[in-house]
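Enquirer: Take this structure first; my questions come after.
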Amino acid sequence: PRRVRVQHVQAAKEAGERLTMLTAYDAPTARIFDAAGIDMLLVGDSMGDNMLGHANTIPVTMDELIPAARAVTRATKRAMVVADLPFGSYEASPAQAHASAVRMMKETGAQAVKFEGGARVAEHVRLLTSAGIPVMGHLGFTPQSENVLGGKRVQGRGEDAAELLCEDALALQEAGAFAVVLEMVPAPVAARATEILAIPTIGIGAGASCDGQVLVWLDMAGMGGWAPRFAKQFAQIGAELEKAASDYAAEVRAGSFPGREHAYWE
Ligand code: KIV
Ligand code: NA
């Protein structure tokens, strides 16, 4: 299959076809989501809380995200692989963002990067885009700023905040971003941003009017543990996996696994 590229993402918005995105942090899940036809796979810094046992995304490093992005890229044929730039790897300057993004692209083969912020990172987006690196923006609740935002809270509430969010979205578009994630934003505000932007919005906890949706895969697959209200569980993989492990343990203890067919006889 042809790799999903920025022009396909833009064409989807223009055709009114909704885009699909999930996180992936390793080869086996990336292979499954690619086969399922998910358009974009995000090697998110949500790896921190979802895979590495951290409380949030703040401790995640380039050195942790790079092997994950490499595995996801190797395991996909069609999905566009977007890699997050982690906290501390881009905020200081466009040059810092460029160095981190170049390293990510060179060492992983990811086709785009994502980082958080609006007007304050517009120059970063402009430099990267002009240097050949597609950038996805991320507005609304931006987890790397949770200590400033006062926790996991809906953003863009009230007319002033909604106006600011739309201005940030336009600043990202004007700087060359090819899409923008809207996280935990009131549905009407996300709808307004989607309406005024020429580039696609990818919502998470932002209602159905966005041009696409993204979810953390562990949340949508019911892997267990805390999941936000906006994440519908499309399966209960955690419970299924626990059952597989306990059935295995029971059969080993009973001596019924391995059976004759699981052994070599000569
Ligand atoms: O890291 C992540 O998973 C994300 C999505 C929630 C958009 O940034
Ligand atoms: Na992220």
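The values are calculated or read from the model by the stated rules, or taken from the named source; none is laboratory data. These numbers come from a predicted model, not from an experiment. With ideal geometry, Cβ positions are generated from the backbone for all residues, glycine too; neighbour counts draw on all protein chains shown.
Enquirer: Looking for whichever is within 21 Å of Ser145 (Cα to Cα), of a type in the set (Val, Ile, Thr) and over 17 Å from the mean Cα position of the chain (by Cα) here; the options are Val185, Val214, Val180, Val189. Which one fits? If you could, list the steps in order and put the result at the bottom.
Expert: Numbers: Val185 fails: over 17 Å from the mean Cα position of the chain (by Cα); Val214 fails: over 17 Å from the mean Cα position of the chain (by Cα); Val180 fails: over 17 Å from the mean Cα position of the chain (by Cα).
Residue meeting the stated conditions: Val189.
Enquirer: Given the conditions (1) under 20 Å from Val181 (Cβ atoms); (2) in a helix (DSSP H, G or I); (3) not hydroxyl-bearing (Ser, Thr, Tyr), and given that Ala110 satisfies all but one, which numbered condition is not satisfied?
Expert: Evaluating Ala110 over (1) under 20 Å from Val181 (Cβ atoms); (2) in a helix (DSSP H, G or I); (3) not hydroxyl-bearing (Ser, Thr, Tyr) leaves (2) as the failure.
Enquirer: Could you list, in sequence order, the residues of region 53-102 that are among the aliphatic types (A, V, I, L, M), surrounded by 15 or more Cβ atoms within 10 Å (Cβ to Cβ) and not in a helix (DSSP H, G or I)? Full working, then the answer.
Expert: Residues of region 53-102 among the aliphatic types (A, V, I, L, M): 55, 58, 60, 62, 65-66, 68-69, 71-72, 75, 79-83, 85, 92, 95, 97, 99, 101-102.
The next check asks that each one be surrounded by 15 or more Cβ atoms within 10 Å (Cβ to Cβ); those that pass are 58, 60, 62, 65-66, 68-69, 71-72, 75, 79-83, 85, 97, 101-102.
Selection gives Ile58, Val60, Ala79, Met80, Val81, Val82, Ala83, Leu85.
A quick yes/no check of all residues on (1) within 18 Å of Ala231 (Cα to Cα); (2) touching a Pro at 6+ places or on another chain (Cβ under 9 Å):
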| site | (1), (2) |
| --- | --- |
| Gly16 | no, no |
| Leu19 | yes, yes |
| Ala30 | no, no |
| Ile38 | yes, no |
| Asn50 | yes, no |
| His54 | no, no |
| Val60 | no, yes |
| Asp63 | no, no |
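Enquirer: Now for a separate question. Can you confirm whether Glu146 is in a helix (DSSP H, G or I) and either loosely packed, with under 12 Cβ neighbours inside 10 Å or assigned by TED's automatic domain parsing to the domain that holds Ala36 (or both)?
Expert: Judged against the criteria, Glu146 is a match.
Enquirer: Of the numbered conditions (1) under 20 Å from His8 (Cα atoms); (2) of a type in the set (Gly, Ala, Ser); (3) more than 12 Å from ligand 2 (Cβ to nearest atom), Gly118 satisfies every one except a single condition; which is it?
Expert: Against the list (1) under 20 Å from His8 (Cα atoms); (2) of a type in the set (Gly, Ala, Ser); (3) more than 12 Å from ligand 2 (Cβ to nearest atom), Gly118 comes up short only on (1).
Enquirer: Considering each residue of region 5-37, count those that are in contact with a helix residue (DSSP H, G or I) (Cβ under 9 Å, 6 or more places away or on another chain) and either assigned to a loop (DSSP other than H, G, I, E, B) or of a type in the set (Gly, Ala, Ser) (or both), and give that number.
Expert: Residues meeting the conditions: 7.
So that you can scan it fast, the table gives a plain yes or no per residue for (1) within 16 Å of ligand 2 (Cβ to nearest atom); (2) in contact (Cβ under 8 Å) with a residue 12 or more places away in the chain; (3) closer than 23 Å to Leu128 by Cα; (4) touching a Pro at 6+ places or on another chain (Cβ under 9 Å):
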site	(1), (2), (3), (4)
Glu167	no, yes, yes, no
Pro188	no, yes, no, no
Pro200	no, yes, yes, no
Asp211	no, yes, no, yes
Glu240	no, no, no, no
Tyr264	no, no, no, no
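Enquirer: Would you confirm whether or not region 121-137 contains a residue that is touching a residue at least 12 places away in the same chain (Cβ under 8 Å), within 15 Å of ligand 2 (Cβ to nearest atom), out of contact with any helix residue (DSSP H, G or I) (no Cβ under 8 Å at 6 or more places or on another chain) and not charged (D, E, K, R)? I'd like the intermediate steps shown before the answer.
Expert: Within region 121-137, the subset touching a residue at least 12 places away in the same chain (Cβ under 8 Å) is 121-131, 133-137.
Keeping just the survivors that are within 15 Å of ligand 2 (Cβ to nearest atom) gives 121, 135-137.
With the extra rule that they be out of contact with any helix residue (DSSP H, G or I) (no Cβ under 8 Å at 6 or more places or on another chain), the set shrinks to 136.
Checking the rest, the ones that are also not charged (D, E, K, R) come to 136.
Yes, some residue in region 121-137 is touching a residue at least 12 places away in the same chain (Cβ under 8 Å), within 15 Å of ligand 2 (Cβ to nearest atom), out of contact with any helix residue (DSSP H, G or I) (no Cβ under 8 Å at 6 or more places or on another chain) and not charged (D, E, K, R).
Enquirer: Restricting attention to region 113-132, which residues are in a helix (DSSP H, G or I), closer than 25 Å to Asn56 by Cβ and not aliphatic (A, V, I, L, M)?
Expert: Listed by number, the residues that qualify are Arg120, His124.
Enquirer: Follow-up. Can you find a residue in region 186-196 that is surrounded by 17 or more Cβ atoms within 10 Å (Cβ to Cβ) and in a loop (DSSP other than H, G, I, E, B)?
Expert: Initially, region 186-196 is screened for residues surrounded by 17 or more Cβ atoms within 10 Å (Cβ to Cβ), giving 186, 189-194.
So of that shortlist, the ones also in a loop (DSSP other than H, G, I, E, B) come out as 186.
The answer is yes, given that some residue of region 186-196 is surrounded by 17 or more Cβ atoms within 10 Å (Cβ to Cβ) and in a loop (DSSP other than H, G, I, E, B).
Enquirer: Next question, about the same structure. Which residue, of Cys210, Cys166, is closer than 26 Å to Arg18 by Cβ, assigned to a helix (DSSP H, G or I), in contact with a helix residue (DSSP H, G or I) (Cβ under 8 Å, 6 or more places away or on another chain) and in the same structural domain as Met51 (by TED's automatic domain parsing)? Before you say what the answer is, go through the steps one by one.
Expert: Values: Cys210 fails: assigned to a helix (DSSP H, G or I).
When all the criteria are applied, what remains is Cys166.
Enquirer: Quick one: which of Phe234, Phe230 is touching a residue at least 12 places away in the same chain (Cβ under 8 Å), surrounded by fewer than 16 Cβ atoms within 10 Å (Cβ to Cβ), among the aromatic types (Phe, Trp, Tyr) and not in a helix (DSSP H, G or I)?
Expert: On the way: Phe230 fails: surrounded by fewer than 16 Cβ atoms within 10 Å (Cβ to Cβ).
The unique qualifying residue is Phe234.
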